[in-house]
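Below is one structure; the comments refer to it alone.
None of the figures in this text is laboratory data; all of them are computed from the coordinates on show. Please read these numbers as outputs of a predicted model, since none were measured by experiment. Using ideal geometry, Cβ is built from the backbone for each residue, glycine included, and neighbour counts are taken over all protein chains shown.
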Amino acid sequence: MNAYVNHALDGLTGRCRALGKSYRALLSMAAIMVLVSIIAFALRPAALADLSEGHHLRRANFYALWDKGEVVVLMRHAERCDHSTSPCLAQSDGITARGRHVAEQLGRRFQALGLNQATLYNSPLRRTEQTSNYAFNRTTAGQDWLINCRKSMLDDVLRHKLDGHNLILVTHSECISQLEKSLHVPAPVSLDYAASLIVSVDPDDHSARVLGFIDARDWRTVLAQRPLPQAQR
């Protein structure tokens, strides 16, 4: 009887030790997984800055760059009619009536920002022409590079950027994505209708860098953060 009990106790002790080792192994695996997750989170590409958030806007030095004419704005056209259930403004390949309202609001925001040192181009498609017309009361013709932009967008942007003048381009999501790719943006964003990618161009070496993006509805917030002129401080 004693031998049987001892044998049973030995077996139980062995199983407990085995379970203890398995438990410790599971804890080690869990710790490793947590550590890997933390490292992956820390090394993830930084999200593109939303410049409507004050700390991003200040860090980008947006207003100083704009005042010096060193900014490129790549604006996606307003809401396109053939991809929406909203009423069309006119033709189905143009923008919606809601898109027109957004474009007009954007135009007022850019007038407040200041367009004296700005050059404007739009792609030749109807939706970009309409966006440009309702936002800026002008359109440009023959700018095929703003729709046929595969692999050449960065070169074309720099070719059209004049020193001391900001550049506003009313274009398409594919062309904006192409520029992000050319500038090796680690975590590019898919911009909403009428949102803008903001890029700065150094006048000395003509190097470009992405500062961030601004959604159409957020320009009011951005303008509210404009520093006061020195004389009014």
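Using only side-chain charges placed at the Cβ, +1 for Lys and Arg and -1 for Asp and Glu, the dipole size of segment 54-227 relative to its Cα centre rounds to 440 debye. When you restrict to C-alpha pairs under 8 Å that are six or more residues apart and normalise by the size of segment 148-233, the relative contact order lands at 22 percent. For segment 83-91, backbone phi angles converted through the Karplus equation (6.51, -1.76, 1.60; θ = phi - 60°) give residue-by-residue couplings of 10, 9, 8, 6, x, 6, 5, 7, 6 Hz, Gly and Pro being listed as x.
Taking a spot 7 Å from the Cα of H165 along the direction of its beta carbon, which residues of segment 57-81 have an amide N less than 19 Å from it? Residues passing the 19 Å test: 65-75.
Working ranking of peptides 72-81, 130-139 by packing, defined as the average number of other Cβ atoms within 10 Å per residue, highest first, is 72-81, 130-139. Note on E104 and I147: with the Förster distance fixed at 22 Å, the Cβ-Cβ geometry gives a FRET efficiency of about 0.40. Our estimate of slack between S182 and A90, defined as 0.36 nm per intervening residue step minus the Cα-Cα distance, is 29.6 nm.
Residues of segment 115-131 falling in the label zone of D67, defined by backbone nitrogen less than 16 Å from a point 7 Å along Cα to beta-carbon, are 115-117.
Normalised Debye scattering of segment 81-233 at q = 0.09, 0.12 Å⁻¹ gives log10 I(q)/I(0) of -0.30, -0.54, counting only Cα atoms as equal scatterers and leaving out solvent. Separation of segment 167-233 and segment 75-100, taken as the distance between their Cα centroids, equals 23 angstrom.
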